[in-house]
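Undergrad: One structure follows; several queries about it will come next.
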Amino acid sequence: MAWRFVHPRRFKPGWSGLAGISMKSVVARSLYDYWTNLRGHRAAPERNEVEPAAIRGILGDTFILEALDRHNYSFRLAGTRICAAYGRELKGRNVLDFWSGKDRESIACLLAAVVEDGAAAVFGLNATNDRGQIMPVEVMFLPLRHQGPNHTRILGCFAPMDQPYWLGLYPVVRQPLQSLRLIWPDEKPAFLLTSEKVDGTHSRAPVRHEPPALSIDRRRPAPHMLPGRTFRHFRVIEGGRAD
């Protein structure tokens with residue numbers, strides 16, 4: 001039996017499960033491809049396998065987090081373009097502090113799945129400055145193994161979908177979530193666009209240009225989640241996997 005988790009605040013009729021979900025930014029696709037090649041058949045690569053020189057073209061958009069506990073995910077490294085977007089050095093800061101309320105809970109759930117289950121996460125947000133100007137951004141979390149059974153290091157990227165004139169001049173002060181997706185270790189990430197799909201020649205799924213509803217598709221239920229029950233701000237629905 002497959003399970004689908006739907007965020008009640010952002011569910012929109014007309015979106016069916018995973019249909020049409022894609023990774024839009026070149027930075028995110030490049031980082032995911034690099035991470036995938038490193039891990040091979042494993043759930044995740046080792047932290048010491050990551051070579052900055054191998055991703056030099058996107059290094060300014062990448063970061064590494066350290067999972068201290070379920071409430072603290074500290075920046076160990078943050079690229080120069082990310083720090084410029086926020087107008088400050090991010091090293092040592094807790095990534096959860098960039099959100100509040102339900103959005104903070106959502107990101108905490110994603111990070112727990114990355115660390116404890118080896119899932120990968122990709123989500124969209126609207127980075128907003130204090131003048132109300134908005135920049136859509138795609139963010140990704142990828143698990144890394146480090147000195148233990150859990151994935152206590154997280155490789156990620158902060159990838160703006162465009163480069164507005166104010167980026168680096170007026171720091172981001174808010175970033176409400178727009179969409180999110182978890183990819184489980186045993187799941188083939190069919191939503192990732194290859195150049196073949198971008199050209200429209202792939203026959204499996206059409207490319208959509210609007211953000212999907214906020215949804216998580218999970219292959220296996222957690223032991224503490226039961227059909228028809230709620231888990232924090234997620235609603236659990238029984239049903240088959242969407243194609």
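The values are calculated or read from the model by the stated rules, or taken from the named source; none is laboratory data. Predicted model only: the values in this text are computed from it and were never measured. A quick note on method: Cβ atoms are made from the backbone with ideal geometry, for glycine too, and the neighbour counts reach across all protein chains shown. The protein model used for the area step is the full one, side chains on, heavy atoms only, and it has no ligands, DNA or RNA in it. Shrake-Rupley method; radii C 1.70, N 1.55, O 1.52, S 1.80 Å.
Undergrad: If GLN163 satisfies all but one of (1) open to solvent by less than 10 Å² (accessible area, probe 1.4 Å); (2) modelled with pLDDT of 50 or more; (3) not hydroxyl-bearing (Ser, Thr, Tyr), what's the number of the condition it fails?
TA: (1)
Undergrad: Regarding the stretch 184-202, can at least one residue be identified that is modelled with pLDDT of 90 or more, closer than 17 Å to LEU142 by Cα and under 14 Å from the mean Cα position of the chain (by Cα)?
TA: Checking the stretch 184-202: not a single residue is modelled with pLDDT of 90 or more, closer than 17 Å to LEU142 by Cα and under 14 Å from the mean Cα position of the chain (by Cα).
Undergrad: Of all residues in the stretch 143-160, count the ones that are of a type outside the set (S, T, N, Q), buried (at least 18 other Cβ atoms within 10 Å of the Cβ) and outside any strand (DSSP E or B).
TA: 1
Undergrad: Would you mind finding the one in ASN72, ASN48, ASN94 that is modelled with pLDDT under 95, over 15 Å from MET140 (Cα atoms) and of a type in the set (S, T, N, Q)?
TA: Unique residue meeting the criteria: ASN48.
Undergrad: Considering only the stretch 125-142, I want to know if a residue exists there that is at pLDDT 55 or above, in a loop (DSSP other than H, G, I, E, B) and acidic (Asp, Glu).
TA: yes
Undergrad: Here's a follow-up. Provide a single number: the residues in the stretch 25-57 that are crowded, with 18+ Cβ neighbours inside 10 Å, assigned to a helix (DSSP H, G or I) and in contact with a Phe, Trp or Tyr (Cβ under 9 Å, 6 or more places away or on another chain).
TA: Residues that pass the stated criteria total 2.
Undergrad: To continue, here is another question. Quick check on this structure: which one of GLY101, GLY168 is in contact (Cβ under 8 Å) with a residue 60 or more places away in the chain and on the phi > 0 side of the Ramachandran plot?
TA: Exactly one residue qualifies, and that residue is GLY168.
Undergrad: Starting from residues that are in contact (Cβ under 8 Å) with a residue 60 or more places away in the chain and either open to solvent by 30 Å² or more (accessible area, probe 1.4 Å) or assigned to a helix (DSSP H, G or I) (or both), keep the ones in the stretch 58-67 and report whichever is nearest to PHE123 (Cα to Cα).
TA: Result: ASP61.
Undergrad: Restricting to the stretch 68-115, count the residues that are among the polar types (S, T, N, Q), more than 19 Å from ASN48 (Cα to Cα) and surrounded by fewer than 21 Cβ atoms within 10 Å (Cβ to Cβ).
TA: Number of matching residues: 4.
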